[in-house]
Amino acid sequence: MATAIQGMLKKIGVEFKPTFIPSGTFFGNYASGADMATGKFDIAGYTTGFYRILTQTLLCSTVISAQNQGGDNNYHVCDPAMDKLSAAVNASVDPAVRKTAVDALQQYQYDNALLIPIYARANIMGYVDRFVLPPTSVLAV
């Protein structure tokens, strides 16, 4: 994958020198000095498990830093315009309104190349229908 991306980037004048890092070093927490959390990269390529619209993980308020070590924006992307588009997605529960807002957000992310999805990793999930939660307690009034 890295070789293919290296060739693609070369065509547009970007020199890409892949560095392969153990996952614990790359994905660790801020306090441990992990590459992803501390932003020790110009371009990061890895597989993710998210398949949701990125409305919360790319907010300015969630950028991980020394002051916000609990943040989850490891991409270190802070774009006020995207914050506004994300807020529009979450401003309504109406599916038609949300779809329009999601379309605008995704178009913005695409137009600005904030993320470049390469492939979607297959996630296999299963469930059993025989699992029953215990009944909840009801207080008599």
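So, in the range 77-94, of the ones that are under 14 Å from Tyr108 (Cα atoms) and of a type in the set (Val, Ile, Thr), which residue ends up nearest to the chain's Cα centre (by Cα)?
Val77
Given Phe20, Phe50, which one is over 14 Å from the mean Cα position of the chain (by Cα), at pLDDT below 90 and either part of a loop (DSSP other than H, G, I, E, B) or closer than 22 Å to Asp83 by Cα (or both)?
Only one candidate qualifies: Phe20.
Among the residues that make up the range 94-112, is at least one of them loosely packed, with under 11 Cβ neighbours inside 10 Å and under 28 Å from Ala2 (Cα atoms)? Break it down stepwise before answering.
Narrowing the range 94-112 to residues loosely packed, with under 11 Cβ neighbours inside 10 Å: 94-96, 111.
Filter once more, keeping what is under 28 Å from Ala2 (Cα atoms): 111.
Yes, the conditions are met somewhere in the range 94-112.
Return the pair list, or none, for Cβ contacts closer than 9 Å from residues in the range 99-112 that are assigned to a helix (DSSP H, G or I) to residues that are charged (D, E, K, R) and open to solvent by less than 70 Å² (accessible area, probe 1.4 Å), at least 6 apart or on different chains.
Note: pairs meeting the criteria are Tyr108/Asp79.
Taking the stated definitions as given, is Asp42 over 27 Å from Met125 (Cα atoms), open to solvent by 40 Å² or more (accessible area, probe 1.4 Å), under 16 Å from the mean Cα position of the chain (by Cα) and acidic (Asp, Glu)?
So Asp42 does not fit the description; no.
Look through Asn90, Asn68 and report the one residue that is surrounded by 10 or more Cβ atoms within 10 Å (Cβ to Cβ) and modelled with pLDDT under 90.
Asn90
Scan (1) under 13 Å from the mean Cα position of the chain (by Cα); (2) open to solvent by 80 Å² or more (accessible area, probe 1.4 Å) for the single condition Ser32 breaks and write down its number.
Among (1) under 13 Å from the mean Cα position of the chain (by Cα); (2) open to solvent by 80 Å² or more (accessible area, probe 1.4 Å), Ser32 violates only (1).
The values are calculated or read from the model by the stated rules, or taken from the named source; none is laboratory data. Predicted, not measured: the structure shown is a model, and the values here were computed from it. Methodologically, a virtual Cβ is constructed for each residue, glycine included, from the backbone with ideal geometry; neighbour enumeration extends over all protein chains shown. Side chains included, ligands, DNA and RNA excluded: accessible areas come from the protein's heavy atoms. Shrake-Rupley method; radii C 1.70, N 1.55, O 1.52, S 1.80 Å.
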